[in-house]
Amino acid sequence: MRTATTLLAAALALAIGGCGQKAGAADGGKATSLDFDKAVAGEITTSSPLSFSDGSRYQLYSMQLKDKQAVSLKLVGSLSGALSVFRDDGTLVTRGERSEDTGLEVTFRADGAGRYRIAVNGDDADAYGPYRLQATEVVPYDGKPLANGGQIVDLLAGERQEYTLQVDKPGLYQINLTSNAFDTVLDLKGANVEEEDDDGGSSTNSRLSLMLDAGTYKLGVRALDDEGNGQFRLDVKNTALAADVVSSDGTALAVGANVQVLLSRDDGERRFVLNVPQAGAVRIDALSDQVDTTLRLTGGNINLEDDDGGSGTNARLQANLPAGRYQLLVASLEESQAVVQVRVSAESGESLSVRDAASADNDVAVAAPTDVDAN
């Protein structure tokens, strides 16, 4: 497809401009005008213009752009094809190929004011079908530091780009880097902190979740193997921690508990002692909008695990438990630091009284509570 798309640049000039003419000298009437925020519907058919390079068919659009104006093009529909952008003299500016069952987004910055041509073409001689094309103007990042959170929408032009995060409020920060244009890589550098992530977010997107002290940090954005460019979004969110957040291993829980938990930065885990004062049905939920949670309960003849037993990616354990003490492990599937809400309830729906560990009559040996830092 790369060869065919590259050859389209030469074929385009020949197809629309005639032999011996530049693309810019051709009759622009054959190119439909494309305006910002106004989607156009089209279809590649046997009557569409023919690309002499590979036999595929194409449709042409044109836009008048200012110098350095940034544009995002989105192609959706059943057509399996590609988008190519040309300057008025026929020079190829950028291109993008659509993956199966996904839309295509191509982002570019105008290199000089004037008319630009956009070609929608099938990926081979047998590619036909309807599509919708929309152009959106991208407002570039203004260069201001992110203060305790916020969002940046910008264009990756090539190699790694750096942004400043100013943290005045220590806490748990989740940083998401998303793009439909390239496979993202996110890094963070600061005092005693140096982290990097490739696919910790959804699909090929990146995510970092970690405790940050007050200070100045640098966020790096790049494409995997430095192969890719285009529009991306950088989101930074500060999660408020409760005054009684559990940030150490060995804390005792009982039926009726509802606590906020900070998972360890080292392994994305937190360990508890669960006290069950009387036999009965118990439900344990691990809820988080930051990570995919997991639960493990052990003690005596009990050895239970769950990943997605609750809603979405939340974990849930439901079991009839003998009275006693159990070891409860709460973790993230991503092995990353995050905030998780842990709830322990009587399955009958009636709240059982919270008892001290001494009231449990079927003790299981557990590790003594240990203080650990938020790392």
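The values are calculated or read from the model by the stated rules, or taken from the named source; none is laboratory data. This is a predicted model, so every value here is computed, not measured. All Cβ positions, even for glycine, are placed from backbone atoms using ideal geometry, and neighbour counts span all protein chains on display.
If I go through region 321-345 residue by residue, how many of them are in a strand (DSSP E or B) and of a type in the set (S, T, N, Q)?
Of the residues in that region, 4 qualify.
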> Which condition breaks for Gly149 when tested against (1) more than 18 Å from the chain's Cα centre (by Cα); (2) modelled with pLDDT of 85 or more?
Replying inline: (1)
> If we keep just the residues of region 175-232 that are basic (Lys, Arg) and surrounded by fewer than 16 Cβ atoms within 10 Å (Cβ to Cβ), which is farthest from Lys144 (Cα to Cα)?
Replying inline: Lys189
> Does Glu269 qualify as being within 25 Å of Asn320 (Cα to Cα) and more than 16 Å from the chain's Cα centre (by Cα)?
Replying inline: yes
> Can you find a residue in region 305-314 that is in a strand (DSSP E or B) and either of a type in the set (Ser, Thr, Tyr) or under 16 Å from Leu253 (Cβ atoms) (or both)?
Replying inline: no
>> Just the residues that are in a strand (DSSP E or B) and surrounded by fewer than 19 Cβ atoms within 10 Å (Cβ to Cβ), please, taken from region 255-286.
In response: Asn258, Val259, Gln260, Glu269, Gly280, Ala281, Arg283
>> On the basis of being within 15 Å of the chain's Cα centre (by Cα), outside the structural domain of Leu262 (by TED's automatic domain parsing) and more than 24 Å from Asp267 (Cβ to Cβ), does Asp226 make the cut?
In response: no
> Across region 215-225, what is the total count of residues that are farther than 9 Å from Val185 by Cβ and in contact with an Asp or Glu (Cβ under 6 Å, 6 or more places away or on another chain)?
Replying inline: 1
>> Here is a check on your reading of the model: is Ala113 surrounded by fewer than 18 Cβ atoms within 10 Å (Cβ to Cβ), among the small types (Gly, Ala, Ser) and at pLDDT 90 or above?
In response: yes
>> Cβ-Cβ under 7 Å, sequence separation 6+ or interchain: first residue in region 92-112 and more than 20 Å from Lys68 (Cα to Cα) and assigned to a strand (DSSP E or B), partner of a type in the set (Gly, Ala, Ser) and at pLDDT below 85. Which pairs?
In response: Leu104/Gly96
